[in-house]
1. When the chain is fully extended, how far beyond the present Cα-Cα distance does residue 1 get from residue 43, taking 0.36 nm per residue of separation?
2. Sticking with the crude label model, points 7 Å out along Cα→Cβ, report the distance from residue 61 to residue 109 in nm, one decimal please.
3. Rounded to the nearest 0.05, what FRET efficiency is calculated for residue 91 and residue 34 with R0 set to 25 Å and r the Cβ-Cβ distance?
4. Between helix 38-72 and the chain, what is the angle of the helix's C-alpha long axis to the longest principal axis, kept within 0 to 90° and rounded to the nearest 10?
5. Taking R0 as 25 Å, what FRET efficiency do you get between residue 72 and residue 19 from their Cβ-Cβ distance, rounded to the nearest 0.05?
6. Could you check which residue among 17, 74, 87 shows the biggest mean-square fluctuation in a GNM of the chain with a 10 Å Cα cutoff?
7. For the chain, modelled as a Gaussian network with Cα springs under 10 Å, which listed residue fluctuates most, 16, 26, 79?
8. I want to verify a result. In a Gaussian network model of the chain, Cα cutoff 10 Å, which of these has the top mean-square fluctuation: 29, 90, 14?
């Protein structure tokens, strides 16, 4: 397979894994926002979705770029390169989802206290 096809495969698999992580973090966010009003909850969920969307795009780009880099420049095994890039992209997306969780809770708290 060409490196372009492997880059696309790793980016798609990374997007799938990051979406699954994002769904789990959205449920955690909803549980953490239990007790807040609609105004605070809507703003917090919007922040969560925007941050996770940015993290999703960045993780897909990272996975595709890293696959090409590792195969072409460092001459790694293709399967290992794809696995590494999926892991790196998913880690970046999971980190972005965690940051989104923390930011949304902080924003909801600030809005709650501004009442």
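1. Details: separation 42, 0.36 × 42 = 15.12 nm, distance 4.48 nm.
Contour length minus Cα-Cα distance gives 10.6 nm.
2. Output for this residue pair reads 3.1 nm.
3. Values: r = 28 Å, r/R0 = 1.13.
Here the calculated transfer efficiency is 0.30.
4. Approximately 10 degrees, to the nearest 10.
5. Details: r = 28 Å, r/R0 = 1.12.
After rounding, the FRET efficiency stands at 0.35.
6. Top of the fluctuation ranking is 74.
7. 79
8. Its mean-square fluctuation being the largest, the pick is 29.
Taken together, the values in this text are just the output of simple stated rules run on the coordinates, not laboratory data. Computed from a predicted model, the values in this text were never measured in an experiment. All Cβ positions, glycine included, derive from the backbone under ideal geometry; neighbour counts span all protein chains shown.
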